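Quick note: the coordinates plus some simple rules give every number you see, no bench work behind them. Since we're looking at a predicted model, the values are computed, not measured. Cβ placement follows ideal geometry from the backbone for every residue including glycine, while neighbour counts extend to all protein chains displayed.
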Amino acid sequence: MAHTTRGFPVPPPVLGLAAALAQRALVPRPRPSAPRRAVAVAVAAASAGLAGSAAGGFRRRGTTVNPIRLGESTELVVDGPFAHTRNPMYVGMAGVLTAHAVWRGRPAAALPLLAWVAVIDNLQIPPEEASMAELFGDRYASYRSTVPRWVGPVR
């Protein structure tokens with residue numbers, strides 16, 4: 001059977017870059033205090049590490065990290081960071097945008113982050129979930145029933 005499900009036409013990292021640029025436009029000249037810088041750097045490092053670890057897990061298994069061409073997935077990865085969230089790469093990207101908002105230091109810097117999460121949650125993840133259900137059937141249904149989409153309770 002031909003697999004036709006596609007994700008949102010703009011890759012999530014490109015959307016993330018656009019959100020970061022919007023954060024910069026909203027708060028053009030931040031002057032973060034030393035504690036705020038430290039928090040932002042720590043959150044960014046942990047978040048980038050999470051996303052990188054997840055991408056590495058895909059590569060080690062020989063499956064695609066391409067969020068646009070969903071039918072190319074060849075394996076359901078459920079270990080490592082995927083044991084705690086179904087979308088560790090997106091959690092990591094959201095964390096980097098959170099760190100950038102903290103660095104910028106104004107509530108307005110959170111708005112692009114919230115928009116990015118809304119787009120990913122409503123326009124990117126649902127086609128991915130449909131693709132995974134089609135490709136991996138009951139294995140994905142079981143995984144989906146026990147591991148949260150982002151963090152927190154399963155939904």
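Tell me, which residue of region 122-155 that is in contact with a Pro (Cβ under 8 Å, 6 or more places away or on another chain) and in a helix (DSSP H, G or I) is farthest from VAL77 (Cα to Cα)? Ranking the candidates gives GLN124 first.
Of ARG24, ARG106, ARG29, all but one fail to be in contact (Cβ under 8 Å) with a residue 24 or more places away in the chain and loosely packed, with under 15 Cβ neighbours inside 10 Å; the exception is ARG106.
Being surrounded by 14 or more Cβ atoms within 10 Å (Cβ to Cβ) and either touching a helix residue (DSSP H, G or I) at 6+ places or on another chain (Cβ under 7 Å) or closer than 15 Å to VAL91 by Cβ (or both) is not true of ALA45. Look at THR74 and say whether it is in contact with a Pro (Cβ under 9 Å, 6 or more places away or on another chain) and among the hydroxyl-bearing types (Ser, Thr, Tyr). The answer is no for THR74. Screening THR63 with (1) touching a Ser or Thr at 6+ places or on another chain (Cβ under 6 Å); (2) assigned to a helix (DSSP H, G or I) gives one miss only, at (2).
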